[in-house]
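Scroll down for the structure; my scribbles are underneath it.
The values are calculated or read from the model by the stated rules, or taken from the named source; none is laboratory data. All figures in this text were calculated on a predicted structure; none of them were measured in a lab. Virtual Cβ from ideal backbone geometry, glycine too; neighbours counted across all protein chains shown.
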Amino acid sequence: MVETGDLFAGRPSEGWSGHNNNTDPRPAPPPILRDLAAEADVRFNGHRPWDIQVFHPSVYRRILMQGSLGFGESFVDGLWSSQRLDETVSRLLAMNVEVRVNRRTRMRWLAALLKNVLFNRQSRQRAFQVGEQHYDIGNDVYTAMLDPTMSYSCGYWVRAENLEQAQQAKLDLICRKLNLRPGLRLLDIGCGWGGLARHAAEHYGVTVDGITISREQLALARERCQGLPVNLELMDYRDLKGRYDRAVSIGMFEHVGPKNYAAYFKTIDRVLDDQGIFLLHTIGEYNDSTATDPWIDKYIFPNGKIPSPRRVAAAFQPYFILEDWHNFGDDYDRTLMAWWRNFDAAWYRLKAHYDERFYRMWKYYLHSCAGFFRSRQGQLWQLVLTKRGRTATYRSLR
């Protein structure tokens, strides 16, 4: 394994020319990978910031054998790098290179597909796994990376100049879309570190009940919401009870899974007042794929599945009417890169508790996700849903 500071910074090692020529000691790619990358205007061992610098020949075998999992794992292992990893991934995804490579690793792709189709990977028994593996890694990472609202979802950058402004604008946009006012009861499904609950209680005078599957999130969220009419619990959404005037779910639907979409919307229908409003804030993808990216599934969000428009619509239609479907996926690219800058700037403190492999893993996570949205494979949706029996007119806003 290569262990140099140059790799962590995404720069070729000192003394390397950065050009793929006869004197370059770095391993050359096999023609199939060279040609696929070239279609995305990406070169192996090229001189441009988004070109891939390969430090060990096993990278090519791992990509051919394991597809996107091998691509990500070999980066985390320090075997290749890129000065502009976000742009590298964006270019590859825009040309669907990962799909075409995965076709050559058909058995692994088929295994991932069957795992998602045949098994309920988001069952009650598995519901807390993502909390334990991802959200519970340590509040110090998220405190360093996120803005003061502790919002771990896409900001709204229409008039924002920095991350905090974008997250404050997002929280306020949600509250205005929900038409919050003093005296209402708001249910926050997937409350995170309490950013929305705190904002809604402080600025709109509502009472908030929130749930999360992360113990670390819950502890800090309760601390941040002390003195406010906010009650937060560790709970699976399927166990919800009570009755609410408004409901919201921010960045949680990605953990529900297609096999549970019907139960999810049925639960919200059960706890939401007939005159109520529900806002769903979720990542979406442009196509209707069945499999999940194996690297993200293994290292970041176990059992997750990004929804498609067709599947979301089919799931909510028995229960709700669509009032508004707002897409601002481009803003997630900007949000992720702001998170990376914060994380990178705080690494001098964090590295006392986390190793350099974690640094590379987090770098690949944030940059590859930014590339996902930049390529427009990824979207960010806010859906406003109401029951058919609602008598008041809903007016969409931005």
Residues that are surrounded by 21 or more Cβ atoms within 10 Å (Cβ to Cβ) and in contact with a His (Cβ under 6 Å, 6 or more places away or on another chain), drawn from segment 24-78: none
Some residue of segment 65-76 being within 23 Å of the chain's Cα centre (by Cα), within 21 Å of Y359 (Cα to Cα) and assigned to a loop (DSSP other than H, G, I, E, B): no
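State all residues of segment 167-189 that are closer than 30 Å to K351 by Cα and surrounded by fewer than 23 Cβ atoms within 10 Å (Cβ to Cβ); if no residue qualifies, say none. Walk me through it before giving the result.
Here is the first cut: in segment 167-189, the residues closer than 30 Å to K351 by Cα are 167-168.
Result: Q168, single match.
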Neighbours by Cβ (under 7 Å, 6+ apart or cross-chain): first from segment 267-281, assigned by TED's automatic domain parsing to the domain that holds E323; second assigned to a helix (DSSP H, G or I) and surrounded by 18 or more Cβ atoms within 10 Å (Cβ to Cβ): T267/Y237; F278/I268; L279/I174; L279/K177; L280/F253; H281/I174
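Mind checking which residues of segment 248-281 are of a type in the set (F, W, Y) and outside any helix (DSSP H, G or I)? Give the steps one after another, and end with the answer.
Going through segment 248-281, the residues of a type in the set (F, W, Y) turn out to be 253, 261, 264-265, 278.
Correct list: F278 only.
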Residue among E87, E73 that is at pLDDT 95 or above, out of contact with any Ser or Thr (no Cβ under 8 Å at 6 or more places or on another chain) and closer than 21 Å to Y286 by Cβ: E87
Yes/no for R395 being without any contact (Cβ under 8 Å) to a residue 12 or more places away in the chain and not assigned by TED's automatic domain parsing to the domain that holds Y264: yes
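In segment 350-398, what residues are among the charged types (D, E, K, R) and in a helix (DSSP H, G or I)? If you could, list the steps in order and put the result at the bottom.
Applying the first criterion (among the charged types (D, E, K, R)) to segment 350-398 yields 351, 355-357, 360, 363, 374, 376, 387-388, 390, 395, 398.
Residues satisfying the conditions are E356, R357, R360, K363, R374.
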Segment 177-191 residues that are assigned by TED's automatic domain parsing to the domain that holds M235, paired with ones that are at pLDDT 95 or above and surrounded by fewer than 17 Cβ atoms within 10 Å (Cβ to Cβ) (beta carbon under 6 Å, 6 or more apart): P182/G205
So K170, is it within 22 Å of H326 (Cα to Cα), in the same structural domain as V158 (by TED's automatic domain parsing) and charged (D, E, K, R): yes
Segment 228-265 - residue that is over 18 Å from S151 (Cα atoms) and among the hydroxyl-bearing types (S, T, Y) and, of those, surrounded by the fewest Cβ atoms within 10 Å (Cβ to Cβ): Y261
Qualifying residue in segment 271-287 (condition: closer than 23 Å to G192 by Cα, surrounded by fewer than 17 Cβ atoms within 10 Å (Cβ to Cβ), out of contact with any Gly (no Cβ under 7 Å at 6 or more places or on another chain) and of a type outside the set (V, I, T)): no
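Within segment 205-227, track down each residue that is among the polar types (S, T, N, Q) and surrounded by 21 or more Cβ atoms within 10 Å (Cβ to Cβ). Steps first, please.
Taking segment 205-227 first, the residues among the polar types (S, T, N, Q) are 207, 212, 214, 217, 226.
Residues satisfying the conditions are T212, S214, Q217.
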Residue list for segment 308-349, restricted to those being buried (at least 20 other Cβ atoms within 10 Å of the Cβ), part of a helix (DSSP H, G or I) and either of a type outside the set (F, W, Y) or not assigned by TED's automatic domain parsing to the domain that holds A160 (or both): V312, A315, D331, D333, T335, L336, A338
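Just for segment 369-398: of the residues that are of a type in the set (A, V, I, L, M, F, W, C) and more than 30 Å from A40 (Cβ to Cβ), which one is surrounded by the fewest Cβ atoms within 10 Å (Cβ to Cβ)?
The selected residue is A392.
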